[in-house]
1. If I model a spin label as a point 7 Å beyond the Cα along the Cα-Cβ vector, how far apart are those points for C19 and Q3 in nm?
2. Which residue, A113, F124, F100, has the largest displacement toward the positive end of the dipole of the range 92-153 when charges sit on each Cβ (Lys, Arg +1; Asp, Glu -1)?
3. On the principal axes of its Cα set, how long, how wide and how thick is the chain? Give whole Å, largest value first.
4. How big is the range 63-108 on each of its three principal axes, counting only the C-alpha atoms and giving the largest first in Å?
5. Can you run phi through the Karplus equation (6.51, -1.76, 1.60; θ = phi - 60°) for the range 46-56 and list ³J(HN,Hα) in whole Hz, with x for Gly and Pro?
6. Could you go through the range 92-97 in sequence order and give the Karplus-derived ³J(HN,Hα) for each residue, using 6.51 cos²θ - 1.76 cosθ + 1.60 with θ = phi - 60°, rounded to whole Hz, and x for Gly and Pro?
7. Using θ = phi - 60° and the Karplus relation 6.51 cos²θ - 1.76 cosθ + 1.60, list the HN-Hα couplings for the range 165-172 in order, rounded to whole Hz, with x at every Gly or Pro.
8. In percent, how large is the relative contact order of the range 36-138, given Cα pairs closer than 8 Å and 6 or more residues apart?
Amino acid sequence: MLQELDVSILYWIQANLRCPLLDGLMPFVTALGEYGAVWILAALALIAAKPHRRCGITLALGLICSLLLGNLLLKPLAARPRPCWLDETVTLLVSMPRDFSFPSGHSLSGFIAAVILLRYDRRFGIPALILAILLAFSRLYLFLHFPSDVLAGILLGIGVGLAVSLLGDRFIRKKEDWV
């Protein structure tokens, strides 16, 4: 039943939302999340800025958790095929991924970053949340993940983001302590 719902949502998106504007925008959006690139750059920029160093370190730790949990543990364990592997008749706007589908790594890292950034500074967190939502949607639009993969990435991302930010609050020195 979940698989049927997943598939019906994906085909609905393909039939009702595909348009030239989104066909051009969604590959760009999804590229921002490749290998967590946009979030890694954000973490490095925050680490470099003394007032935001604690946030940057926490974000970097969250991204490491995303890699370990999502890519190294859950994807091989679940070994779920991607929708684009199962139906090759759908035209892909990006190259076909080689790793498994569950959970969505883009959604996982995006929501980890959004939660951490929201907890530290809403000026960073609100744009991060918007980008995380766009990244998650792009994975559906591009026919690369099932909705349940994206939902799992979002929920895991929220949980990991909260846990890592609470640990960061407790164990990472406050900005006043940095030399």
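1. About 3.4 nm, to one decimal.
2. F124
3. Per principal axis, max minus min of the Cα coordinates gives 57, 35, 24 Å.
4. Over the range 63-108, Cα extents along the principal axes are 35, 19, 14 Å.
5. Residue by residue, the range 46-56 yields 5, 5, 5, 9, 3, x, 10, 4, 4, 4, x Hz.
6. Rounded to whole hertz, the list is 8, 9, 9, 5, 6, x.
7. My calculation for the range 165-172 gives 5, 5, 5, x, 4, 7, 10, 9 Hz in order.
8. 26
Values in this text are rule-based calculations from the coordinates and carry no lab data. Predicted model, so just to flag it, every value in this text is computed and none were measured. Heads up, the Cβs are rebuilt from the backbone with ideal geometry, glycines too, and the neighbour counts pull from every protein chain shown.
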